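Trainee: Have a look at this one before I ask anything.
The values are calculated or read from the model by the stated rules, or taken from the named source; none is laboratory data. Worth saying up front: this structure is predicted, and the values here are computed from it rather than measured. Here the Cβ positions follow ideal geometry from the backbone for every residue, glycine too, while neighbour counts run over all protein chains shown. Just the protein is used for accessible areas: all its heavy atoms, side chains included, with ligands, DNA and RNA removed. Shrake-Rupley method; radii C 1.70, N 1.55, O 1.52, S 1.80 Å.
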Amino acid sequence: MDYRTQYRSFINSYYLNEGIRITAGLALPTIIGTYLHHENIGITMSIGALCVTIVDNAGPVLHRKNAMLVCNAVIFIASLLTGFAVGSALATGILIAVFCFIFSMIGVFGARASSIGLAGLFVMVLNLTQRTGAEAIVLNAVYILCGGLWYMLLSLSLYSFRPYKVTQQALGDLIQSTGEYISSRSAFYGKNPDYDSIYSNLLEKQTEINDKQNLVRELLYKSRDFVKESTNTGRVTLLIFIDINDLIERIMSLQLHHKLFHQYFDNSDILERFKKFLSLIAEELNETGIALKSGKPYRMNDILQQAFLKLKKDFEDFSEKEISSASVEGFIGLRALINASEDFVSRIHTIQQYTAYDLKDIKHDVRVQNYDQFVTHQDIDTKVFLDNFNWNSNTFRHSLRVSFATTIGFIISTFFPFGHGYWILLTIIVILKPAYSITKRRNRDRLIGTLAGAGIGVIILMLVKDRQVMIICMVILMVLSYSFMRTRYLLFVTLMTPYILILLYILNPNHFRELIIDRIIDTAIGSAIALLANILFSPEWAYKQFGEYLKKMLEANKNYFSDVSSFFTGKAVPINTYKLSRKEAYVALANISDALNRMTAEPKSKQKNAAEYHELVVLNYMMSSHIATMASIVFVKSPPDPNPEYQPVVRAVVSNLDKAMEELKTINNEFTPEIKKENPEQPVKLIMDLENSESYESGSHIILDQLNERIDKMVQIRKKELENGITGVNIKTSLPVVKSINDQFNFIWKISEDLLKIIVKAKIVCLLYFIEFYF
C-alpha cells in the first residue's frame, strides 16, 4: 500500500473521527471555562470527559451508552471517595490498593468492563490532590460527572446524525485486512518461498481479521438498525459482511500443493503471473474498503475482469504448449486456482456493487435472518467474579500486580520529592496488562514514546513563540494522538507527550524545564515498578494455556469438517449450521495463533515446546484451509453428487481428532503425585502402551485406497489422452473437481493423523519428565 493510499485510508477511518471527537470533547469545556473565567472548572470537566472516552470504543450504540452511564457513576463515586481519603496518607494508600484491585478484577466481564475499571483508576489518580472542605470535594466530583455526561451526550449525538458510519468504517477495515491477507498468500507463488515465514504471517493476519470480524458482527447483529428496520442501508451493509466472510473462506481455500507447483513450473513465469493477479485482487479489495469507509460508491471498472481474462488466456496457452503426462497433476492444481480466481472476481464485483446501496426488495433475504446464533453475550454474574478469586485466574494475578505496583508507586511519590508523582501511577496503570507480552511491549513503547515526544515538544517550543500557533500545534497533536490511541500505542505516546508539554508550558512557562525532567523521571520510575511487579506477580504463561486453546481448536475443526463433509456424504446440514461452525473454527484459530504470538514474546525460559506448538498451529491452519477448499466445491454452479463412500473417511478423521482431544485432557492430569506414590509403575506402563499403540495410526489409509485408485485411473487416462494428442474431452473438466475433493479428504485425514501423533509424542515426553522428576 503506497503512502497516498494509506493517507486516504486514514482520513476515512473511524479512528480519525474518534480523534476529532475526543479532542472536541476535551477541549471545549476548558475553552468555555477559560472564556467565562472559570478555568479550573473547565479543566475538571475535561478530566471527566477524558475518563469517559476510555470506554467509548467502537461497538453497538446501546452497549456504548450503557458503558458510559456506568462509567459516569463510577468516576463520580471514585472522585468523592478519593477526595475524602487524600487528607490521610494511610487512607489514600489503602484506597489505592483496594481500588486498583477491584477495578482490575472487573475485567473478568469483558473488554468494555475493563475499560470502565481503567477509567475509575484514571480519575482516582488525577484526584490525588488535597482539597479543603467537604463542599470542595463534592463540587469537584460534580464537575467531573458533568464533564463525563457532556462527552456522552456529544458522542451519542454525533452517532444519531450518522448511525451507519461506524459500522461502514469497521467493515471497510475488514475488507482492507482481507486484501492484506490475500497479498500475504500470494507469496506462495513467488520464487523460493519461505513457507515458515509465510504461515507465521498468515496466522498473524488471521488473528487481525478475526478481531475485525467480531467487531463488525457485534455492530451489525446487536444493533436494531441493521436487522429490524425497513430501509435498505443497514441490510445492504449486512449483506456486504456476509459476502466478505464467504470471500475470506474462499481465499483460505487456496490451500493447494504449492511445492508441487514450484516443482513443475519454476522454469516458467506462470506462477509469477498468478502472484501478480492476486496482488491486483488485494489492491481492489483495499480500494473497495476505502470507498466503503468514505461512504461513497466504488467507481466500477473492468480492470479486475480484464486482468482475469488475460490470466485465463495465458494459462490456456501455457497449458496447450506445456502440458504433458508428467505434469498433468500440476496443471490440475493450476486449473483449480483459475476457478478460484474467477470466483474471487465475481464475489468482489458483487461487493463493489453493494457500496452504491441501491438494492431493492432485500428485506426478506434469508441471509439477513437467523443472526442471533452468530453473536456471543457477556452476562454480568457475580459468580463469575467470585470464581476468579484464586491464583489460577490470570485476572486475579493481574489485579494483585496492579494493586502492588500502584501502592509502591504511591509510597515512592509520597516520601520522595517528585514534582508530579501522579505520573508514576498513571504510567503503571496504562502499562500493566494481564498478558506479559503486552506489558513488555507497552513498557518499551512508553519509555521510547516519552523520550521522543519530549524531544518533539522541546523543538516545537524552541521554534514557535506565538501563543496561538502553539495552540494550533497542540490541537493537531491531540487529534493525531487520540486517533492512534487504540491502534498504535507507541505513536500515541509519542504524539501525546508534546501536546501535554505544550499545554503545561502555556499554563506555567516559568517551570517548563522542571516539567520535562519530572515527566521523564516519573515515566522511568513507573516503568521500573511495572517491570518489578511483572516479575513478582508473574502472569499465567502462554504455554500453560496452550493446551486449552488447542482442545478448542481441535473441537472447532472437527465440527467444521463434519458440517462441510456432510454435503459430500448425502447428509447435508443447514447452511447456517455450517456457517456457525466456520465462524467458531476461525475464532479458535485466531485465539490459538494469538496465544502462540504471546508465547514468542515471553522470556525464553517460558517458551516451552514452542517449535512443537508452532507446528500444531500450522497444522490446524492447514486443516481449516483444506476444509474451506472442500466448502468452496460445495457451492459451485454444478456441485458433485453426494458419495456415501466418503463416510468412513469422515469417521476416521473425527475419531483421530476425538482421540487427540482425549490425550490432551490427560497430559496435565493423568497422574497426580498421590496416584504416582500409590502406583509407581503406572507411568512406565502407560508409556509402553502409547509406544505400542496404533491408535494414532488408525489404518484409515485403507479406506482411502479405493478412492485414490479411482482418481489415479482417471489421471492415467488423462495422461494417455495427452500422449495421444487428445485435449478436448469431458474428463478435462470433471477431473479437477473430483481430484480436488479426493485430495482434500486425503490432506485432512493425513493432518488429523499428524496432529494425533504429535500430541501422543508430547504425552510421552511429559510422562518421561515426570518419571525423572519424581523417581
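Trainee: Of the numbered conditions (1) in contact (Cβ under 8 Å) with a residue 12 or more places away in the chain; (2) of a type outside the set (A, V, I, L, M); (3) open to solvent by 40 Å² or more (accessible area, probe 1.4 Å), N140 satisfies every one except a single condition; which is it?
Mentor: Of everything listed in (1) in contact (Cβ under 8 Å) with a residue 12 or more places away in the chain; (2) of a type outside the set (A, V, I, L, M); (3) open to solvent by 40 Å² or more (accessible area, probe 1.4 Å), N140 misses just condition (3).
Each row is one residue, and each column tells you yes or no for (1) in contact with a His (Cβ under 6 Å, 6 or more places away or on another chain); (2) under 26 Å from E249 (Cα atoms); (3) modelled with pLDDT of 90 or more.
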{"site": "V123", "(1), (2), (3)": "no, no, yes"}
{"site": "A134", "(1), (2), (3)": "no, no, no"}
{"site": "R162", "(1), (2), (3)": "no, no, no"}
{"site": "L171", "(1), (2), (3)": "no, yes, yes"}
{"site": "Y181", "(1), (2), (3)": "no, yes, yes"}
{"site": "G190", "(1), (2), (3)": "no, yes, no"}
{"site": "D196", "(1), (2), (3)": "no, yes, no"}
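Trainee: Hey, another quick one. Restricting the search to the stretch 539-562, which residues are open to solvent by 30 Å² or more (accessible area, probe 1.4 Å) and hydroxyl-bearing (S, T, Y)?
Mentor: Y543, Y549, S562 - these are the residues of the stretch 539-562 that are open to solvent by 30 Å² or more (accessible area, probe 1.4 Å) and hydroxyl-bearing (S, T, Y).
Trainee: For the stretch 114-126, state whether one or more residues are of a type outside the set (F, W, Y) and outside any helix (DSSP H, G or I).
Mentor: Looking only at the stretch 114-126, we keep the residues that are of a type outside the set (F, W, Y), and these are 114-121, 123-126.
Then keep just the ones that are outside any helix (DSSP H, G or I); that gives none.
Checked against the condition, which is being of a type outside the set (F, W, Y) and outside any helix (DSSP H, G or I), the stretch 114-126 yields no hits at all.
Trainee: I would also like to ask the following. Looking at L154, L171 in this structure, which one is out of contact with any Leu (no Cβ under 7 Å at 6 or more places or on another chain), crowded, with 18+ Cβ neighbours inside 10 Å, aliphatic (A, V, I, L, M) and part of a helix (DSSP H, G or I)? Full working, then the answer.
Mentor: Working: L171 fails: out of contact with any Leu (no Cβ under 7 Å at 6 or more places or on another chain).
Of L154, L171, the one residue that is out of contact with any Leu (no Cβ under 7 Å at 6 or more places or on another chain), crowded, with 18+ Cβ neighbours inside 10 Å, aliphatic (A, V, I, L, M) and part of a helix (DSSP H, G or I) is L154.
Trainee: For the stretch 277-323, how many residues are within 32 Å of the chain's Cα centre (by Cα), of a type in the set (D, E, K, R) and not in a helix (DSSP H, G or I)?
Mentor: Going through the stretch 277-323 one residue at a time, the tally reaches 2.
Trainee: Can you pull out the residues in the stretch 37-81 that are open to solvent by less than 10 Å² (accessible area, probe 1.4 Å), among the small types (G, A, S) and in a helix (DSSP H, G or I)?
Mentor: G42, G48, A49, A67, A78, S79
Trainee: Anything in the stretch 201-211 that is under 17 Å from E584 (Cβ atoms) and of a type outside the set (A, V, I, L, M, F, W, C)? List them, or say none.
Mentor: Our first condition is that a residue be under 17 Å from E584 (Cβ atoms); within the stretch 201-211, this holds for 206-207, 209-211.
Matches in the stretch 201-211: Q206, T207, N210, D211.
Trainee: With the requirement that a residue be touching a residue at least 60 places away in the same chain (Cβ under 8 Å), in a helix (DSSP H, G or I) and hydrophobic (A, V, I, L, M, F, W, C), what does the stretch 567-598 give you?
Mentor: F567, F568, L580, V587, L589, A590, L596
Trainee: Looking at E180, E208, which one is open to solvent by 50 Å² or more (accessible area, probe 1.4 Å), over 30 Å from L50 (Cα atoms) and touching an Asp or Glu at 6+ places or on another chain (Cβ under 9 Å)?
Mentor: Numbers: E208 fails: over 30 Å from L50 (Cα atoms).
Testing whether each residue is open to solvent by 50 Å² or more (accessible area, probe 1.4 Å), over 30 Å from L50 (Cα atoms) and touching an Asp or Glu at 6+ places or on another chain (Cβ under 9 Å) leaves just E180.
Trainee: Which residues, counting only those in the stretch 13-36, are outside any helix (DSSP H, G or I) and surrounded by fewer than 21 Cβ atoms within 10 Å (Cβ to Cβ)?
Mentor: Step one: list which residues in the stretch 13-36 are outside any helix (DSSP H, G or I), which gives 13, 36.
L36 - this is the single residue of the stretch 13-36 that is outside any helix (DSSP H, G or I) and surrounded by fewer than 21 Cβ atoms within 10 Å (Cβ to Cβ).
Trainee: Right, something else. Just wondering, is there one or more residues in the stretch 304-312 that are in contact (Cβ under 8 Å) with a residue 40 or more places away in the chain and over 28 Å from T167 (Cβ atoms)? Before you say what the answer is, go through the steps one by one.
Mentor: Applying the first criterion (in contact (Cβ under 8 Å) with a residue 40 or more places away in the chain) to the stretch 304-312 yields 304-305.
After this cut, where a residue has to be over 28 Å from T167 (Cβ atoms) as well, the list is 305.
Yes; the residues of the stretch 304-312 include at least one that is in contact (Cβ under 8 Å) with a residue 40 or more places away in the chain and over 28 Å from T167 (Cβ atoms).
Trainee: Further question: Can you name the residue in the stretch 627-641 that is at pLDDT 80 or above and over 12 Å from N339 (Cβ atoms) and, of all such residues, is most open to solvent (accessible area, probe 1.4 Å)? Steps first, answer last, please.
Mentor: Going residue by residue through the stretch 627-641, those that are at pLDDT 80 or above are 627-634.
Those still in the list that are over 12 Å from N339 (Cβ atoms) too: 627-628, 630-631, 634.
On the way: I627: 0, A628: 1, M630: 1, A631: 2, V634: 22 Å².
Going through the qualifying residues, I end up with V634.
Trainee: Could you list all residues from the stretch 31-53 that are among the polar types (S, T, N, Q), over 29 Å from the mean Cα position of the chain (by Cα) and modelled with pLDDT of 90 or more? Even if it seems obvious, please write down each step before you answer.
Mentor: Residues of the stretch 31-53 among the polar types (S, T, N, Q): 34, 40, 44, 46, 53.
So of that shortlist, the ones also over 29 Å from the mean Cα position of the chain (by Cα) come out as 34, 40, 44, 46.
Across the stretch 31-53, the qualifying residues are T44, S46.
Trainee: May I ask you to list the residues in the stretch 86-110 that are within 20 Å of A141 (Cβ to Cβ), open to solvent by 10 Å² or more (accessible area, probe 1.4 Å) and part of a helix (DSSP H, G or I)? Let's see the steps before the verdict.
Mentor: Start the filter on the stretch 86-110 by keeping residues that are within 20 Å of A141 (Cβ to Cβ), which leaves 86-88, 91-92, 94-96, 98-100, 102-103.
Among the residues that remain, those that are also open to solvent by 10 Å² or more (accessible area, probe 1.4 Å) are: 86-88, 91, 94-95, 98-99, 102-103.
The answer is A91, I94, L95, V98, F99, I102, F103.
Trainee: Taking the stretch 111-123 on its own, how many of its residues are open to solvent by 20 Å² or more (accessible area, probe 1.4 Å) and either closer than 10 Å to A78 by Cβ or in contact with a Lys or Arg (Cβ under 6 Å, 6 or more places away or on another chain) (or both)?
Mentor: Qualifying residue count for the region: 1.
Trainee: Do we have any residue at all in the stretch 286-294 that's on the phi < 0 side of the Ramachandran plot and modelled with pLDDT under 90? First the steps, then the outcome.
Mentor: Our first condition is that a residue be on the phi < 0 side of the Ramachandran plot; within the stretch 286-294, this holds for 286-294.
Those still in the list that are modelled with pLDDT under 90 too: 294.
There is at least one residue in the stretch 286-294 that is on the phi < 0 side of the Ramachandran plot and modelled with pLDDT under 90.
Trainee: So, one more: Is the stretch 335-353 home to any residue that is open to solvent by 20 Å² or more (accessible area, probe 1.4 Å), part of a helix (DSSP H, G or I) and free of Cβ contacts under 8 Å to residues at least 12 places away in the same chain? Please lay out each step first, then the result.
Mentor: Step one: list which residues in the stretch 335-353 are open to solvent by 20 Å² or more (accessible area, probe 1.4 Å), which gives 335-336, 339, 342-343, 346-347, 349-350, 353.
From what's left, part of a helix (DSSP H, G or I): 335-336, 339, 342-343, 346-347, 349-350, 353.
If we keep only those that are free of Cβ contacts under 8 Å to residues at least 12 places away in the same chain as well, we get 346.
Yes.
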